[in-house]
Protein chains: 2
Amino acid sequence: MTRQTARWPLPPAMQAALDEARAAAAQGEVPVGAVVVKDGQVVARAHNAPRAMNDPTAHAEMLAIRRAAEVLGDERLAGCDLYVTLEPCPMCAGAIAHARIARVYYGASDPKGGAVEHGCRTFDQPTCLHRPEIYAGIGEAEAGQLLRGFFAERRQKDAT
Amino acid sequence: MTRQTARWPLPPAMQAALDEARAAAAQGEVPVGAVVVKDGQVVARAHNAPRAMNDPTAHAEMLAIRRAAEVLGDERLAGCDLYVTLEPCPMCAGAIAHARIARVYYGASDPKGGAVEHGCRTFDQPTCLHRPEIYAGIGEAEAGQLLRGFFAERRQKDAT
C-alpha cells in the first residue's frame, strides 16, 4: 500500500468522487463517492444511496462497480481503477476483488468500518483471490472534512 | 455458530434455496441459491447470476438481500433470516451485517472463499457492527453435491 502524504493536486477522478460525495450529503446520505476509470476515461460514478434506494448494499463503490460492469458488458473490470473518498468496507473490498479492479485510490481512512488497512484487511487474507494496488490518502483532507461536517450536522439535528 | 451434524428434514426455505442453486447451474452459473424469510414467509429468493447480469456483485445472497429490502421498503432487514446453500464470501458477509439479518442458515462450508468460518471470519471481527446467529451445515450434502457436479462438468468441458 502506498500512502500519499504531501498535498499534490487531486486527480480529476478523485475530484469527481468528491463531487459525488457532496451529492450524497445533499440527499442526507453518508457522503462517500466513487468513480471507475478505464484508460483515463470515467466509466461510471456513483454515491452512497442505501436510504434513497432502500438497499443496504448501495454503497458508492458497489454502485460504481455495477454500473461500470454494465457499461463495459463484462463482470470483470480488469484494467479499471476505482477512486473512492473513503476506505472501502468489507463488503466493498470483497466486490473490488471479485471485479478484479487493478488499482484502488482512496481518501480518508476508516478505522471503524474500513477493511483495507483496518479490520479484516481483506486484500491481505491468503484466501483473497485478487489484490489490487492500493493508494491511500488521495483527497483525504477533503473527504474527511465532508464526513465530519455531515456527522456534526446530524448530531446537532438529533440533539434539537 | 451452531453446526447441524444429523440429517434432519431440510427446512422448506433451504429446499427453495437449493432449487435456486439448481436454476443457477442450468444457466451455467456457479450453483448457489439464497432465500430471505420473515415471519415464516419467503420475502425474496435468488441465485448466483454474475455472468448473466454482467455484475460481479450478483451473488445469490446479494440479490436476495436487495430484493427483500425492496419488497419490505427498508434498507435494514431486522428480524429476517437468510438461507443460503454455501458459506457466504467476504462481500456477502459484509452485506449481511449491513442489512442486519438476524439469522443465517447455510449449507456447504467454503474453505477457499468463505468468510464466516474461514478467511477473515467477518462476524468475529471487533469492527463488525452486527453479528447474526449462524447455523451451518443445513443442506450441506445437497449443496456440496450440486457444486461438485457443476465443477466436474466444467472441467470435463474444458478438457474436451
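Bear in mind these aren't lab numbers, they're just calculated from the coordinates by the rules spelled out. Keep in mind that this is a model prediction, so the values were computed, not measured. No Cβ is skipped: glycine too gets one built from the backbone with ideal geometry, and neighbour counts run over all protein chains shown.
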Checklist outcome for this item: Among strands (runs of 3 or more DSSP E) entirely inside segment A:1-114, those with 3 or more residues being over 18 Å from B:A95 (Cβ atoms) and of a type in the set (A, V, I, L, M) are A:33-38, A:41-47
Checklist entry - Taking segment A:115-132, which residues are more than 8 Å from every other protein chain (Cβ to nearest Cβ), in a loop (DSSP other than H, G, I, E, B) and in contact with a helix residue (DSSP H, G or I) (Cβ under 8 Å, 6 or more places away or on another chain)? => result A:V116, A:H130, A:R131, A:P132
Next on the checklist: Suppose we filter B:C80, B:C89 for residues that are out of contact with any Leu (no Cβ under 7 Å at 6 or more places or on another chain), within 23 Å of A:E61 (Cβ to Cβ) and in contact (Cβ under 8 Å) with a residue 12 or more places away in the chain; which single one remains?
Outcome noted: B:C89
Next on the checklist: Of all residues being buried (at least 24 other Cβ atoms within 10 Å of the Cβ) and over 15 Å from the mean Cα position of the chain (by Cα) in segment A:34-80, which is farthest from the other protein chains (Cβ to nearest Cβ)? Just the residue, please.
Outcome noted: A:L77
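Just wondering, is there one or more residues in segment B:109-121 that are farther than 18 Å from B:L147 by Cβ and either in contact (Cβ under 8 Å) with a residue 12 or more places away in the chain or out of contact with any Pro (no Cβ under 8 Å at 6 or more places or on another chain) (or both)? Write out each step before concluding.
Start the filter on segment B:109-121 by keeping residues that are farther than 18 Å from B:L147 by Cβ, which leaves B:120-121.
After this cut, where a residue has to be either in contact (Cβ under 8 Å) with a residue 12 or more places away in the chain or out of contact with any Pro (no Cβ under 8 Å at 6 or more places or on another chain) (or both) as well, the list is B:120-121.
There is at least one residue in segment B:109-121 that is farther than 18 Å from B:L147 by Cβ and either in contact (Cβ under 8 Å) with a residue 12 or more places away in the chain or out of contact with any Pro (no Cβ under 8 Å at 6 or more places or on another chain) (or both).
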Item to check | Among the candidates B:Y83, B:Y135, B:Y105, residue that is surrounded by fewer than 24 Cβ atoms within 10 Å (Cβ to Cβ), aromatic (F, W, Y) and either within 13 Å of chain A (Cβ to nearest Cβ) or out of contact with any His (no Cβ under 8 Å at 6 or more places or on another chain) (or both) | outcome: B:Y135
